[in-house]
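Enquirer: Here it is, the structure, as structure tokens.
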Amino acid sequence: MPGPLHGYTILDVTQMISGPVATRILGDQGADVIKVEPREGDLTRSTGSAGRKMSPLFATTNRSKRSVVLDLKTDAGVRVIHRLAAQADVFVQNFRPGAAERMGIGEPALRRQNEKLIYVSISGFGESGPYAHKRVYDPVIQALSGLASIQGGSSGRPRMLRLIVPDKLTAVTAAQAITAALLARERTGVGQHVRLAMLDAVVAFHWPEAMVRHTFVGDDIGSARPPETRDLVFETADGFMTAGTVALREWQAFCAAVERPEWLADERFRSTAGLVRHADARLERMASVLRTRSTAEWLERLDRAQVPCAPILTREELLLHPQVLENAIVVESEHPNTGRMRQARPPERFERTPSAIGRAAPLLGEHTDEVLAEHGYSRAEIEGLRAEGALG
């Protein structure tokens, strides 16, 4: 059974993470994703490749795609893009604002080839403003969006997240926006230009809890810093775990499970509001008792009492955890060019149109001739383009 986006063609000239992860999601859902790369290939192909033909990062973010090499600095390469775009449903680029237009593949140029095209522009900061011209990487967005400051908490020193969250969050937002634009086109018959800035995506993402004191105008007057988000990591006798006791019933169940009934008499902890107001004192009590027994012992007790809890797993432990195995999150397959590999399957589960890892991540230019032939190029024309230097 084909995926929900089967029959749609995505022309993807993005590189790095935000664009490629977005189009990988669409590819896993059945779309035909044609990844257009420069002669040297996407930069992530060789990032941490350790002698293999492609890096783990590239292999997992560019599966379910075909690879075409085009030199977009040549007139012939641009003409090929125009021809491919004429038959595509979606075109995605993440060049800095203005670059696509200078190359001859901006929205107006491709709109002339295909009125129904969904044209997607992903940028760091948007199309205008003092930062629009800047080069961008994930940490730059973490800094400007306030994310690093939020992560630093009460220490006063900002801290970067150890994962490239802004890039991947932008990817998920882009994938959703693309499917929404395709749905709108089905209803109206009209294509459109979708613009998405990484900065916009991250601020919208962190706003609900990070900006609680800045949501209702006037509440932020005299507020030195946002409410502290505590690090709910508790040391046990043999490792680490987490547990949550925000609701009153959870705190009551926790006290019973850890055999500390006297804590229930504390006036500070007699309501959910009190638990929040006196969170530091509550968490200190939790930490003092949780370090006295093993993680497994506490998980068994707290689970029985219906207190939210979990072990804090290492990456190696994650692969063997019973719930991860039950969900079949991690799958293994044989990559034709890099050998045996494991990766996370598409997380969404459609009842009738399942997502799937459609094909292994491609070698550079692996499908150039195949894709051009599908778009009406003869063997002689393909060889002519290669002689002109337009192809890899």
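The values are calculated or read from the model by the stated rules, or taken from the named source; none is laboratory data. All of these numbers come straight from a predicted model, not from anything done at the bench. Positions of Cβ are generated from backbone atoms using ideal geometry, with glycine treated the same way; all protein chains shown enter the neighbour counts. We work out accessible area using only protein heavy atoms, side chains counted, and drop any ligands, DNA or RNA first. Shrake-Rupley method; radii C 1.70, N 1.55, O 1.52, S 1.80 Å.
Enquirer: Take the solvent-accessible surface of the protein heavy atoms, probe 1.4 Å, and return the percent of it on the stretch 244-392 that carbon and sulfur atoms account for.
Expert: Values: 4640 of 8900 Å².
C and S fraction of accessible area: 52 percent.
Enquirer: From the residues Ile178, Gly153, Leu163, which one has its Cα farthest along the dipole of the stretch 145-196 in the positive direction, the dipole being from +1 and -1 charges on Cβ of Lys/Arg and Asp/Glu about the Cα centre?
Expert: Looking along the dipole axis, the top candidate is Gly153.
Enquirer: Same structure, new question: Taking the 0 to 90 degree range and rounding to the nearest ten, how far is the long axis of helix 198-210 tilted relative to the main principal axis of the chain, both from C-alpha atoms?
Expert: Helix 198-210 sits roughly 20 degrees off the main axis of the chain.
Enquirer: Can you tell me the accessible area per residue over the stretch 229-374, all protein chains present, probe 1.4 angstrom, in square angstrom?
Expert: Numbers: 8900 Å² over 146 residues.
Per residue, the stretch 229-374 has an accessible area of 61 Å².
Enquirer: With +1 on the Cβ of every Lys and Arg and -1 on the Cβ of every Asp and Glu, and nothing else charged, how large is the dipole of the stretch 280-392 about its Cα centre, in debye rounded to the nearest 20?
Expert: Working: 15 positive and 19 negative charges, 155 e Å.
Here the size comes out at about 740 debye.
Enquirer: Hey, another quick one. Residue by residue, what Karplus-based ³J(HN,Hα) values in Hz, rounded to whole numbers, does the stretch 64-74 have, using 6.51, -1.76 and 1.60 with θ = phi - 60° and x for Gly and Pro?
Expert: 6, 9, 10, 10, 10, 9, 9, 8, 7, 8, 9
Enquirer: Follow-up question, since we're still on this one. Quick one: Karplus J couplings for the stretch 352-359, per residue in order, coefficients 6.51, -1.76, 1.60, θ = phi - 60°, nearest Hz, x for Gly and Pro?
Expert: These are the phi-based 3J(HN,Hα) values: 10, 10, x, 6, 7, 6, x, 7 Hz.
Enquirer: Calculate the radius of gyration of the Cα atoms of the stretch 1-60 to one decimal place, then report Dmax, the largest Cα-Cα distance, as a whole number, both in Å.
Expert: 12.5, 37
Enquirer: Let me ask something else about it. Return the label of the correct value of Rg and Dmax of the Cα atoms in Å, as calculated from the structure shown, out of (i) 21.4, 68; (ii) 25.5, 86; (iii) 21.9, 72.
Expert: Entry (ii).
Enquirer: Considering only the chain, what is the antiparallel percent among its DSSP beta bridges, to the nearest 5? Please list the in-between numbers first.
Expert: On the way: 12 of 34 bridges.
Taking every DSSP beta bridge within the chain, about 35 percent pair in antiparallel fashion.
Enquirer: Quick check for me: using +1 on Lys/Arg Cβ and -1 on Asp/Glu Cβ, what's the dipole size of the chain about its Cα centre, in debye to the nearest 20? Before the final figure, lay out each step's value.
Expert: Numbers: 49 positive and 48 negative charges, 77 e Å.
It comes to approximately 380 debye.
Enquirer: May I have the pair-distance distribution P(r) for the stretch 242-337, computed from all Cα-Cα distances with 5 Å bins from 0 and rounded to whole percent?
Expert: 2, 12, 20, 20, 13, 10, 8, 6, 4, 3, 2, 1, 0
Enquirer: Considering amide H positions built from the backbone, and no H for Pro or chain starts, which residues 5 or more places from Ile118, or on another chain, come under 5 Å of its amide H?
Expert: For Ile118, the qualifying residues are Val90, Phe91, Gln192.
Enquirer: Same structure, new question: Tell me the angle of helix 279-290 to the major Cα principal axis of the chain, expressed in degrees between 0 and 90 and rounded to the nearest ten.
Expert: 80
Enquirer: Per residue, how much accessible area does the stretch 40-175 have with a 1.4 Å probe, in Å²?
Expert: Working: 6580 Å² over 136 residues.
Solvent-accessible surface per residue comes out at 48 Å².
Enquirer: Farthest toward the dipole's positive end in the chain, which of Ala356, Met16, Leu318, given Cβ charges of +1 (Lys, Arg) and -1 (Asp, Glu) about the Cα centre?
Expert: Met16
Enquirer: Just Gly129, Gly19, Gly152 to compare: in a GNM of the chain, with alpha carbon springs under 10 Å, which one fluctuates most?
Expert: Gly129
Enquirer: Can you give me the angle between helix 75-85 and the longest principal axis of the chain, using Cα atoms only, in degrees from 0 to 90, rounded to the nearest 10?
Expert: Roughly 60 degrees between the two axes.
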